[in-house]
Amino acid sequence: MSSNVLKLEVDPSPLTLLSEEEQLFRNSVRQFADEQVRPLVAKMDRESRMEPSLVRQLFELGLMGVGVPETLGGSGGSFFMAVQAVEELSRVDASVGVLVDVQNTLVNNALLRWGTEEQQKSFLPRLCSESVGAYALSEAGSGSDAFALATRAEERKDGFVLKGRKLWITNAAEADIFVVFANAKPELGYRGITAFLVDRETQGFAVGKKEDKLGIRASSTCELILDDCFVERNRVLGEVGKGYKVSIETLNEGRIGIGAQMVGLSQGALECAIQYSKERIQFGRTISKFQAVQFQIAEMATELEAARLMVYNAARLNLKRVPYVKEAAMAKYFSSQVAERICSQSLELFGGYGYTKEYPAEKYYRDCKIGKIYEGTSNMQLQTIAKFILD
Ligand SMILES: Cc1cc2nc3c(=O)[nH]c(=O)nc-3n(C[C@H](O)[C@H](O)[C@H](O)COP(=O)(O)OP(=O)(O)OC[C@H]3O[C@@H](n4cnc5c(N)ncnc54)[C@H](O)[C@@H]3O)c2cc1C
């Protein structure tokens, strides 16, 4: 039994039992995803572009500031609800899911945890109403080894000059506000890493090449160019040298969001396979009548249930402010594995049609792969899990 369980008054409700508020919220996001997102999915994937009207609607619905207090312009919801939003959107389009995920679990979250009152008041109302955010840690030479980043922040009288390049930055094409990590004291190693709030319009800042990707094609992934980009001292998020903490803490929570993205897209892939199996006739009956197909679908549903329980458990532990980091790593690791299996099986259940763009199965299959790569590869999750178990 974990120490969490012993020390707290625990609400023993089943993890998937939703409160009335959570249920209403889930239903409204699901309706929005089905009615407004679904008709645009194929076009956005084909054109590798997020539909701007959709982004506006996400703001209007309060989905870009789920966990931000109402006093700061947000929806005043919980972290669990942000996770629900990512799941429901990803059921229809994992690109829309990750846009909302980065905004809520990384950018808003970093500001809520580390921002000064002035920073929260000046950035959060914008992030909840009109400005997309992005989170820029990775570079060409530093991914898993994120703290080896080469971007530098040179100190001046009133602030810092940022110099370097960031790579793989989600939302960069749409974003106005960037959380950028740079090293202000390289001689101190990772203890020099500092987080900065950078406006898109800042001189010396530019969004560079957009990646041409396998999946989540409507989600922009771009390079950032920091060419003597001056940021004032009051734009340091947290303290100078504490950027590594900002990134560790936000990414620990972000992983639960990626788990939710994987659960959502697995749900979508399962649903379309179930529907098709009830329509497709072979040997004089629908393929859903064959026990082999029934068992495959039953197995997909079982694995999905297990992944969802892990994601919800990590999110609800986080909500209770008890240790959740191992559980978050496990949830991301497992749900991305499950997603790959479910999306692959879903595609196969469509037979030859699954291999074409006529049905959504091939897109789910392409989209799921990213779950094992970003916000820490599967090996990095295993490293975290092993540390907790063995140390
Ligand atoms: C679509 C997309 C969106 C992204 N969005 C963002 C974003 O918004 N912001 C951001 O900062 N970054 C983002 N990233 C970057 C992402 O987080 C990194 O790609 C990821 O962390 C892996 O880093 P890497 O690509 O350098 O791979 P590497 O670190 O070079 O890893 C290559 C392989 O080596 C393995 N490996 C590396 N080190 C070890 C080790 N010590 N032990 C065992 N195996 C190891 C890895 O598991 C992997 O299989 C994004 C990436 C993609 C593809």
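The values are calculated or read from the model by the stated rules, or taken from the named source; none is laboratory data. Every value quoted in this text rests on a predicted model; they were computed, and no experiment measured them. Because the Cβ atoms are built from the backbone with ideal geometry, glycine has one as well, and the counts that use them run over all protein chains shown.
Miscellaneous remarks
- Remark: pairs (first residue in segment 103-125, of a type in the set (Ser, Thr, Tyr); second residue assigned to a helix (DSSP H, G or I) and surrounded by fewer than 24 Cβ atoms within 10 Å (Cβ to Cβ); Cβ separation under 8 Å; 6+ apart in sequence or on different chains) = 105/79; 116/234.
- Here residue 319 clears all of (1) in contact with a helix residue (DSSP H, G or I) (Cβ under 7 Å, 6 or more places away or on another chain); (2) modelled with pLDDT of 95 or more; (3) not small (Gly, Ala, Ser) except the condition numbered (2).
- Per the listing 246, 198, 236, 231, the residue uniquely modelled with pLDDT of 95 or more, over 25 Å from the mean Cα position of the chain (by Cα) and closer than 21 Å to residue 112 by Cβ is 231.
- Apart from one condition, residue 214 fits all of (1) exposed (fewer than 15 other Cβ atoms within 10 Å of the Cβ); (2) over 22 Å from the mean Cα position of the chain (by Cα); (3) part of a loop (DSSP other than H, G, I, E, B); the exception is (2).
- Which numbered condition residue 139 fails, given (1) in contact with a strand residue (DSSP E or B) (Cβ under 7 Å, 6 or more places away or on another chain); (2) surrounded by fewer than 18 Cβ atoms within 10 Å (Cβ to Cβ); (3) without any contact (Cβ under 8 Å) to a residue 40 or more places away in the chain: (2)
- Hey, residue 182 of a type in the set (A, V, I, L, M, F, W, C), under 18 Å from residue 127 (Cα atoms) and in contact with a Gly (Cβ under 8 Å, 6 or more places away or on another chain) or not: no
- Summed over segment 178-197, the residues that are more than 16 Å from residue 245 (Cα to Cα) and crowded, with 23+ Cβ neighbours inside 10 Å give a count of 1.
- Those residues of segment 201-211 which are over 19 Å from the mean Cα position of the chain (by Cα) and either within 16 Å of residue 122 (Cβ to Cβ) or in a strand (DSSP E or B) (or both), in sequence order: 201, 202, 205, 206, 207, 208, 209
- Residue within segment 174-183 that is of a type outside the set (A, V, I, L, M) and either away from the ligand (no atom under 16 Å from the Cβ) or farther than 30 Å from residue 41 by Cα (or both) present: yes
- Residue 340 meets all of the listed conditions (1) in contact with a Gly (Cβ under 8 Å, 6 or more places away or on another chain); (2) modelled with pLDDT under 95 but one, namely (2).
- Going through (1) surrounded by fewer than 22 Cβ atoms within 10 Å (Cβ to Cβ); (2) of a type in the set (A, V, I, L, M); (3) in a loop (DSSP other than H, G, I, E, B) one by one, residue 172 falls short only on (1).
- All positions within segment 364-385 that are farther than 17 Å from residue 145 by Cβ and within 11 Å of the ligand (Cβ to nearest atom): 367, 369, 370, 371, 372
- Note on segment 347-382: among residues that are assigned to a helix (DSSP H, G or I) and among the polar types (S, T, N, Q), the one that is nearest to residue 222 (Cα to Cα) is 378.
- Filtered by the rule that a residue be touching a Gly at 6+ places or on another chain (Cβ under 7 Å) and within 13 Å of the ligand (Cβ to nearest atom), segment 187-225 gives 193, 195, 222, 223, 224.
- Checked against (1) among the small types (Gly, Ala, Ser); (2) more than 8 Å from the ligand (Cβ to nearest atom); (3) under 16 Å from residue 225 (Cβ atoms), residue 138 passes all but condition (2).
- Subset of segment 61-102 (residues that are within 16 Å of the ligand (Cβ to nearest atom) and touching a Phe, Trp or Tyr at 6+ places or on another chain (Cβ under 9 Å)): 94, 98, 102
- Criterion applied to 87, 60, 51, 47 was being among the acidic types (Asp, Glu) and closer than 22 Å to residue 253 by Cα, and the one residue passing it is 87.
- In the condition set (1) small (Gly, Ala, Ser); (2) assigned to a helix (DSSP H, G or I); (3) within 16 Å of the ligand (Cβ to nearest atom), residue 344 is compliant with all but (3).
- Annotation: residue 247 fulfils all but one of (1) part of a strand (DSSP E or B); (2) within 15 Å of residue 179 (Cβ to Cβ); (3) among the small types (Gly, Ala, Ser); the unmet one is (1).
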